[in-house]
Amino acid sequence: MTPTLPIACPAALAVLPDPEKRLWLVATGVAGGVAALATAVPFVSSFAPSERARAAGGPVEVALADIPPGGSKTVEWRGKPVWVVRRTPAMLAALQGHDAQLVDPQSLRDQQPAAARNAARAIRPEIFVAVGICTHLGCSPSDAPAGGPNPSLPADWPGGFFCPCHGSTFDGAGRVFKNKPAPTNLEVPPHRFAGDSRLLIGTDTA
């Protein structure tokens, strides 16, 4: 077996008196460098963000026409579940009368777009949009309508959301009740309406 000499070593080239051999070794080294570069290019390009990664933070469009009164749908935005609820007049009326039991009834903390800083926490009162993650430890609350069978809720429960992990309760606008583990209201993500039947989650500008 013929030993392989280090190509980049000047001493190795010096012991080869034949100019043709020197030329052959230099050419081999250049070809090897080109091959290494060609191999590295696709490897480095694999670190470029994919189309899915670039789109992950973009707005999510939601059709509203198929949500009945009192119904809801859940979509994914930035890896989070987002609820879109079509509230009935009775559900909106149930948001009144229990402000004294809430941590932040006026939504003074910055957890919603400016246009949704109101009692309904909504741009349009009948459409409620919220990130379905409890602000305590990141559990997922569930829908808890008024008059439901949940024994963990009081008899005068106005309807809203209940986190089964640690018992945090939120009214129908995602406002947290006092003396519960969750410290703040549910997050209302930036959103806007694109006509009467479409909602864009993730942006509040046209």
Projected-area average for the range 51-206 over all orientations - Cα convex hull basis, square nanometres
9.4 nm²
Once amide H atoms are placed 1.01 Å from N in the peptide plane, what residues at a sequence separation of 5 or more from ILE127, or on another chain, have their amide H within under 5 Å of its amide H?
ARG87
Can you give me the distance in nm between label points at ASP66 and SER142, each placed 7 Å from the Cα along the Cα-to-Cβ direction?
2.4 nm
Counting other Cβ atoms within 10 Å of each Cβ, which trypsin sites (Lys or Arg not before Pro) in the range 109-193 have at most 13 and sit in a DSSP loop?
ARG109, LYS178
Computed lengthening from THR205 to HIS166, 0.36 nm per intervening residue step minus Cα-Cα distance:
10.4 nm
For ASP196 paired with HIS98, estimate the spin-label separation in nm (one decimal), with each label point 7 Å from Cα along the Cα-to-Cβ line.
3.3 nm
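Here, each number is a calculation from the coordinates, and none is a lab measurement. From a predicted model like this one, the values you see are computed outputs, not experimental measurements. Here the Cβ is made from the backbone with ideal geometry for all residues, glycine too, and neighbour counts use every protein chain on show.
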